[in-house]
Amino acid sequence: MSLAVRIENVSKVYPLGKTSVQALKNIELAIQEGEFTTIAGPSGCGKSTLLNLIGCMDTPTTGEVYVEGQPISQLKDKELTRLRLEKLGFIFQSFNLIPVLTVYQNIEFPLLIHGGFTKKERAARIDALMEEVGLQPQAQQKSNELSGGQRQRVAIARALVTQPRIVLADEPTANLDSATGERIIDLMKTINRTHKTTFIFSTHDPQVMKQASRVVRLKDGAVLEA
Amino acid sequence: MQVLELSSLIVKVAFRNLWLYRLKTVVIASLLGFGSFLSIVGLTLLRDVEATMQESIIGSVAGHLQMYSKKAKDDLAIFGSTFMGRQDIGVLEDISTYRDALLRHPEVQAVIPMGIDMGMLGRGNEMDESLDVLRAALKGGDPVIINERVEQLGFQIEQLGRELAERKKVTQDQVEVVKEEADLAKVKEAAFTESVARGDESALQYLETRIAPLSGEKLPIYLMYLGTDIDLYRQNFPKFRVVAGEVLPPGQRGIMLSNKVREDQLKNTAARLFDKLNKRVVKLKIPIKGDAENLRLVQDLPRQYNQIMAYLDRAEAVELHESLKQLGIPATEGTLIAQLVQQVKDFLKVDDQNFEARYRWFYEQIAPKIKLYEISPGETILLRSYTKSGYIKSLPLKVYGVYSFQGLEDSDIAGVMNIIDLVSLRELYGQMTESSLKELQEMRSQVGIKEIAAENAEDALFGDGAAATVESRVEAPTPAPQATIQVKPVIPDMFDVTEVGKGLALNAAIKLKDDVKLQDLKESLEKDLKSQGLDVKIVDWQQASGFVGQFVVIVRLVLIFALGVIFVVALVIINNSIIVGTLNRIREIGTMRAIGAQKSFVVEMFLAETAITGLIGSCVGTFIALGLLIWLGDYGIPSSHDVVTFLFSGPRLYPKLHPGIILLSPLFVTGVATLASVYAARHAAHVTPAEAMQEKE
């Protein structure tokens, strides 16, 4: 099995006024393809920073991050963006849907940015995904008319529509009640199994952590347990 | 297809945001709409005014191009520069060389020699006119008519006496007034009146030389005149129209009076006041009551009774007396003259109620009885001008007709020019023509002037060996001139027609076959003439016309400035709103960036918002502008001022719709606004994808 993500001696330093903050210290981490990994730790431990680096939204100060074997530290914004579009899917804590668009259009959005799909191809993918996440009846509803759980399902469908190898989720259940959160994690797990998509998500909910196949614990910017 | 769907997505998101911040959207859209409106209306009117002005200027005096000497000290300004006074534009020594050179170009249709200058019109006063009429009556010998004229004269003398009494109260020069009173007392005597009625020459001369000057000469009128080849002029300037009389025949000395000059300066004062009031009260609908200018005119009107009285004979006076009575203006006690004076004064007291009727009545009943214009076709005027060397040159010129420029009848600017023949212009300008040289020769031989060389001057004056004797000087009264020099007018009123085609001109109009390549042609003609040793300046009609021609340039600058201000304000608001809007939309932008949208996508999204706002606003502005222009095209924009009449080439401007301006203005406004928001949009694109992750609920 090949590696989905490899992190080699990565440090991240943020300038903060005249001083600087070291968010990550010499991280070494490898995540296999198809893993269902959670990154856990208290607030300010560097979870988000690590997720941002894996998500190609940021580059490391030192060290290297390989996403699907591709080193990212030397990439330009345009290339990082392309990488995010093609290889990664994102699920956000606050769902981050585009309110004016319908469920269908929200899911379609990455495909339109990507380009190269016919309308039929797009419809086939979106319909299949909507069925998978159980949202077909709501296809033409505006996203702001949906419940929190439904919105997160839309977000999951949107994250998957480009068929990414890796899906990153930042506290996907934090804004949901525990029952809904559980169902969302179940859904993610099912997709992980059927599509062999690697899931990396952050959480500090112990119930959610239990569902993960692997827990990476961070503390003060260093890996405590991988 | 894909691009289209992505665009429709962008547009959808843009609309959502515009709706979300609708107040801001309305403000920006209104500004851009106003910009489009102003741009369409402004540019349309400018283009129309430019076209009509071009028609006015090219078709009246300037032609397409004007040529004048390179040695000119001032710029040619046909319709006057902003500074008063005569311009020095040099001379074109022999117009034929220039003309022949220019006519070799296939584009040139005609070269019309010209010269513009200013002179004074000699005028007498009312008493002079009365005396002329009396002399005519004496020649006719009808005792009734003679009596009337004498009575008329007596009336004027009485007026003069009253004026003098007024002057005596205020003047410091009492001696002078007493002397004048004595003169007046003499002519009031019955014996003197009788001798006038008999036609006694010394009595008449006494009146002409001592009494008439007391009422002062009328103010001189300055006349602008354009000397030209009248035939060539008429062929090339289609706006020229004869209003009265006939066209100045080629080969004749003479003048065509401008109708506007005649109406404004040479018309009977009472009639002129009626005209002015009619224009203001009836045409412009300004009531007399409450308007200072109207009130002034109304107050002035009854004072002009003598402008009517002076021209009436007894029969006319009786007739007017009766018809005024019928009109409901009763007479009081006294002689016929005294009664009529009172009636006429009452008639001339107008107000808002009676004005229109009185105006009509004046033209129906009074105007045919009086001399409505000081000068009419068929008469001869005396034009005085300063020659280029500073001497005064007088020239009698027959008035052949009165003309105006079609569509520019009311314009002072176009109406200021009287037209004379080119030969007379040369004369007034101070160039010696063959006939004026002959006249000078005649005068010299009459008074015995001999040509003396400077070195022989002393000998000739004091020579012949005569010893200088010193005589004691005796103060003696200056004797009256014993003899006058009789100079027969040797300046003929005709000249050889070919004379205008050669010789001096001050400038020349160049008429082209079409005006497409005006600017290029201007330079190539100038260069070509220079290569032949003819150093001239050639300017286009706009430049040649002086400050009027610059008007459009100035208005265009003002319009561009106004549009610029609107743009700057709109752009500041647009940029500001995008930057502020970005703060509210960090998560949305961040999310889009995170899931793979490039920076350019974000930029496009913001530009789309501006473009949509601009398009909506400017479409609304365009429709309003279109509506206004269509309405104005029907109704016309009335000219409020003489300059405007000239620019409009008529009393109203009917705007035309120019598809180019109407289509391009909103696109341009939208385009500029969109481009100007690129900076702010790029600023928005700097939102990092990581910011989408941050929780700022």
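The values are calculated or read from the model by the stated rules, or taken from the named source; none is laboratory data. On a predicted model such as this, the values are computed, not experimentally measured, just so you know. Glycine also receives a Cβ, built like all others from the backbone with ideal geometry; neighbour counts cover every protein chain displayed. The protein model used for the area step is the full one, side chains on, heavy atoms only, and it has no ligands, DNA or RNA in it. Shrake-Rupley method; radii C 1.70, N 1.55, O 1.52, S 1.80 Å.
Structure above, values below:
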| item | result |
| --- | --- |
| Residue satisfying condition, being at pLDDT 90 or above, hydrophobic (A, V, I, L, M, F, W, C) and within 46 Å of the chain's Cα centre (by Cα), within set B:L628, B:L653, B:L647 | B:L628 |
| Checklist (1) modelled with pLDDT of 90 or more; (2) within 14 Å of chain B (Cβ to nearest Cβ) applied to A:A30, failing item | (2) |
| Filter result for A:K76 (surrounded by fewer than 22 Cβ atoms within 10 Å (Cβ to Cβ), at negative phi, touching an Asp or Glu at 6+ places or on another chain (Cβ under 7 Å) and more than 9 Å from chain B (Cβ to nearest Cβ)) | no |
| Some residue of segment B:26-37 being hydroxyl-bearing (S, T, Y), in the same structural domain as B:T582 (by TED's automatic domain parsing) and over 26 Å from B:S424 (Cβ atoms) | yes |
| Residues (within 15 Å of the chain's Cα centre (by Cα), closer than 18 Å to B:F601 by Cβ and facing chain B (nearest Cβ under 7 Å)) located in segment A:79-114 | A:T81, A:R84, A:L85, A:F90, A:N96, A:P110 |
| Where B:M120 falls short, out of the listed (1) within 26 Å of B:I381 (Cα to Cα); (2) touching a Leu at 6+ places or on another chain (Cβ under 8 Å); (3) crowded, with 18+ Cβ neighbours inside 10 Å | (3) |
| Count of segment B:580-611 residues which are more than 14 Å from chain A (Cβ to nearest Cβ), open to solvent by 20 Å² or more (accessible area, probe 1.4 Å) and at pLDDT 85 or above | 2 |
| Residue list for segment B:16-40, restricted to those being β-branched (V, I, T) and at pLDDT below 90 | B:T25, B:V27, B:I28 |
| Filter result for B:Q543 (in contact (Cβ under 8 Å) with a residue 60 or more places away in the chain, over 29 Å from the mean Cα position of the chain (by Cα) and open to solvent by 50 Å² or more (accessible area, probe 1.4 Å)) | no |
| Tally, over segment A:32-83, of residues that are in a strand (DSSP E or B) and closer than 23 Å to A:N192 by Cβ | 10 |
| Test: residue in segment A:135-143 that is assigned to a helix (DSSP H, G or I), in contact with a Leu (Cβ under 6 Å, 6 or more places away or on another chain) and modelled with pLDDT under 90 | yes |
| Some residue of segment B:575-591 being charged (D, E, K, R) and more than 25 Å from A:N52 (Cβ to Cβ) | no |
| Any helices (runs of 4 or more DSSP H) falling wholly within segment B:1-115 and containing at least 1 residues that are within 14 Å of chain A (Cβ to nearest Cβ) and surrounded by 15 or more Cβ atoms within 10 Å (Cβ to Cβ) | B:2-20 |
| Conditions (1) more than 30 Å from B:S649 (Cβ to Cβ); (2) modelled with pLDDT under 85: number failed by B:I413 | (1) |
| Elements of type strands (runs of 3 or more DSSP E) in segment B:366-431, at least 2 residues being of a type outside the set (S, T, N, Q), over 22 Å from B:D229 (Cα atoms) and not assigned by TED's automatic domain parsing to the domain that holds B:L506 | none |
| Any hit, segment B:670-680, residues being away from chain A (no Cβ under 14 Å), surrounded by fewer than 19 Cβ atoms within 10 Å (Cβ to Cβ) and in contact with a strand residue (DSSP E or B) (Cβ under 6 Å, 6 or more places away or on another chain) | no |
| Filter result (out of contact with any His (no Cβ under 6 Å at 6 or more places or on another chain) and open to solvent by less than 40 Å² (accessible area, probe 1.4 Å)) within segment B:337-357 | B:I337, B:Q339, B:V341, B:Q343, B:V344, B:F347, B:L348, B:V350, B:N354, B:F355 |
| Sole residue being modelled with pLDDT of 90 or more, of a type in the set (D, E, K, R), more than 20 Å from B:E427 (Cβ to Cβ) and open to solvent by less than 50 Å² (accessible area, probe 1.4 Å), chosen from B:R241, B:R272, B:R262, B:R234 | B:R262 |
